[in-house]
Amino acid sequence: MTPIILVLGLFAILIMVGSFFLLRRSEEDPLAARIDEFAARDEAVSIEEIELSMPITDRLFVPLIRRVSDFVVRLTPQTTLERTARQLELAGNPRNMSAAEFWVIRGFVTVVFTGLTLLMMWRFGQPTNKMILFSLGAAALGFMLPIMLIRSMSDRRKQAIVKKLPDALDLMTICVDAGLTFNAAMQKVDEKWDDALAREFGRVIYEMQLGKSRRQALKDMVDRMEVPDVTSFIAAVLQADQLGVGIGKVLRIQSEQMRLRRRQRAEEKAQQAPVKMLFPMIFLIFPSIFLVLLGPAGFQIVRSSALRGVTG
């Protein structure tokens, strides 16, 4: 059992180190980084010299993880990869992670949880049946934990978009009233803020500059968000564009509706607060209060009972 645990631990460490450096490198454009490095050198050098000057982690672990990712792509069904890519897109594409890289990290977490559980159970001398049972539980937890984190990130991103949408519409309304176009208003939102909604507006502008129509770019933005408020707003904009209605009037109406919805959500959460506070008060606050208030009285009763027993 010990050699198996050591092999699993070594394999997990290799995948962990490679995943870390791959994710760190994925935050920047590798082609732009290579061009900047080549331009920063005073003397002309070859590509081989640049490759040899790179850290050993980038030359060893990153290609290893990419090979593992390619192997995962060949083994994983296409529908599973598409569903994973969809979930990553809804989460905002954290660290520009691909579906194959996510499955590699998912497998790494599963191996780490399983290996650590086996090591701990073996260290404390537990029987084989318990080791297998707890290892299966740890493997299931490690397999589900990454997807749970992605779903949590997706939910937080949707909440941030819903919270920011009324302010963005107010800014766009002001920009359109000042004489800017709808595209320029979206660009102003992208320039002013750095959040999920502003980045999506910036992506729409970028896709339109590449040749995509505004209608298709806005529909793709709706698909990337899956937020009902954004869906209704984009539907109103597209309908106004099709019917020839002034975009300023549409933005003003949508801004008022989004502020009203935000106020209604705040009121709804305020109504839910007493119900959510009920269980912590019953099981946490009230016992402490009873202990502080009735504790001295209880001690007095016990003491008086003891004195009566002695005198009697």
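The values are calculated or read from the model by the stated rules, or taken from the named source; none is laboratory data. These numbers were taken from a predicted model, which means no experiment stands behind them. Positions of Cβ are backbone-derived with ideal geometry, glycine not excepted, and every protein chain shown enters the neighbour counts.
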Exercise. In the range 263-270, is there at least one residue being within 30 Å of PHE233 (Cβ to Cβ), modelled with pLDDT of 85 or more and either in contact with a Ser or Thr (Cβ under 6 Å, 6 or more places away or on another chain) or surrounded by 11 or more Cβ atoms within 10 Å (Cβ to Cβ) (or both)?
Worked result: yes
Exercise. Within the range 89-107, can one find any residue that is more than 21 Å from the chain's Cα centre (by Cα), at pLDDT below 90 and acidic (Asp, Glu)?
Worked result: no
Problem set entry | Yes/no for LYS276 being basic (Lys, Arg) and either in contact with an Asp or Glu (Cβ under 6 Å, 6 or more places away or on another chain) or more than 17 Å from THR181 (Cβ to Cβ) (or both) | yes
For this session: Name the one entry in VAL230, VAL245 that is at pLDDT 90 or above, among the aliphatic types (A, V, I, L, M) and surrounded by 12 or more Cβ atoms within 10 Å (Cβ to Cβ).
Result: VAL230
Exercise. Which condition number in (1) within 28 Å of ARG261 (Cβ to Cβ); (2) outside any helix (DSSP H, G or I) is the one that GLY179 fails?
Worked result: (1)
Seminar exercise, completed: Of the listed residues (ARG259, ARG203, ARG252), the one being touching a residue at least 60 places away in the same chain (Cβ under 8 Å) and closer than 18 Å to LYS158 by Cα is ARG259
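A quick yes/no check of all residues on (1) over 30 Å from PHE233 (Cβ atoms); (2) of a type in the set (Phe, Trp, Tyr); (3) surrounded by fewer than 20 Cβ atoms within 10 Å (Cβ to Cβ):
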position: ARG83; (1), (2), (3): no, no, yes
position: THR114; (1), (2), (3): yes, no, no
position: LEU118; (1), (2), (3): yes, no, no
position: THR128; (1), (2), (3): yes, no, yes
position: ILE132; (1), (2), (3): yes, no, yes
position: ASP167; (1), (2), (3): no, no, yes
